[in-house]
Structure formats: structure tokens, C-alpha cells
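Here the structure is laid out as C-alpha cells; the discussion comes afterwards.
The values are calculated or read from the model by the stated rules, or taken from the named source; none is laboratory data. Worth saying up front: this structure is predicted, and the values here are computed from it rather than measured. No Cβ is skipped: glycine too gets one built from the backbone with ideal geometry, and neighbour counts run over all protein chains shown.
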Amino acid sequence: MALHQLNSKAEKAALQAGDKLGAGFSLTSGALGVSAGLASIVEGGAGLFGASAIGTWAAIAAAGLGWAAAGVGLVAGIVLPTIQVAKRSEDLDDFYKGLVPTLDKYGLNGGPEQDGDLPAEDIYPYQSAT
């Protein structure tokens, strides 16, 4: 599927940013939602023309696809933020691992020590041994 054929701005942004998991959830949920809408249109057309058997099956399909789309959206709403938090936590850990030696190198320790200050190992768990 070409990038210009995507409907949602979120889908385009996710793919352009390289977030394949987010784009996959978004595309799956969108495809299921569109399928549910099409089944609902078939249901309405069947009801309009008196084809009750087709309308019944189309209604069941529309409901099932709608629930599936909602389920994928719910899973995406739980899984994706959790993954992003884990990635952000790793990025912050890497940043502080590089920052602490630089602060130590230039003697930047936050000022004079006072009563009630926390021990350095509690504040800088990644502090290099000097």
C-alpha cells in the first residue's frame, strides 16, 4: 500500500516515523472499522429491499467487525503507551549514564552539602567510581 493511499493522518505519521507496530494497530483497527461500516450498509440495503436473511447475516458481521475494531483499538491503547514508556525510560537511563561522568569531570555536584541532603548514591545511581 502506497503511503499516499492511507486515510488517517495518524497512520501516515506512524509509518513515516518508523513506528511499524503503531501503524499496524492503526491500519488493522481502521480496516476492521471500514469493514463493519460496509457490512452495515449491506444490512441497510437488504432491509430496504426486503432480503431479511442477508440483512440478518450482514448485521451479525457488522457487529462482529465493529467489536473487533474496538478490541484492537483497546489493545493498542494499552500496549502502545506501555511500550513508549519503556523506550523513554531506557532513553533517560542512557542519558543519565552519560551525564553523571560529565558532571563529575567538571565538579558539578549541585552546590554545597547541607544537613538533610540525600547520599550521592541515592541521587546518582549510575555514578562512576572515582
Going through 104, 91, 115 one at a time, which residue ends up being modelled with pLDDT under 90 and outside any helix (DSSP H, G or I)? 115
Test for residue 41: is it in a helix (DSSP H, G or I) and at pLDDT 90 or above: yes
Hey, could you check region 43-93 for residues that are over 21 Å from residue 32 (Cβ atoms) and among the acidic types (Asp, Glu) and say which is surrounded by the most Cβ atoms within 10 Å (Cβ to Cβ)? 93
First in region 54-79 and within 10 Å of residue 40 (Cβ to Cβ), second anywhere and of a type in the set (Val, Ile, Thr), Cβ under 7 Å, 6 or more apart: 58/42
Name the pairs: first residue in region 8-25 and within 14 Å of residue 80 (Cα to Cα), second residue surrounded by fewer than 18 Cβ atoms within 10 Å (Cβ to Cβ) and at pLDDT 70 or above, Cβ to Cβ under 6 Å, at least 6 apart or on different chains? 22/80; 25/76
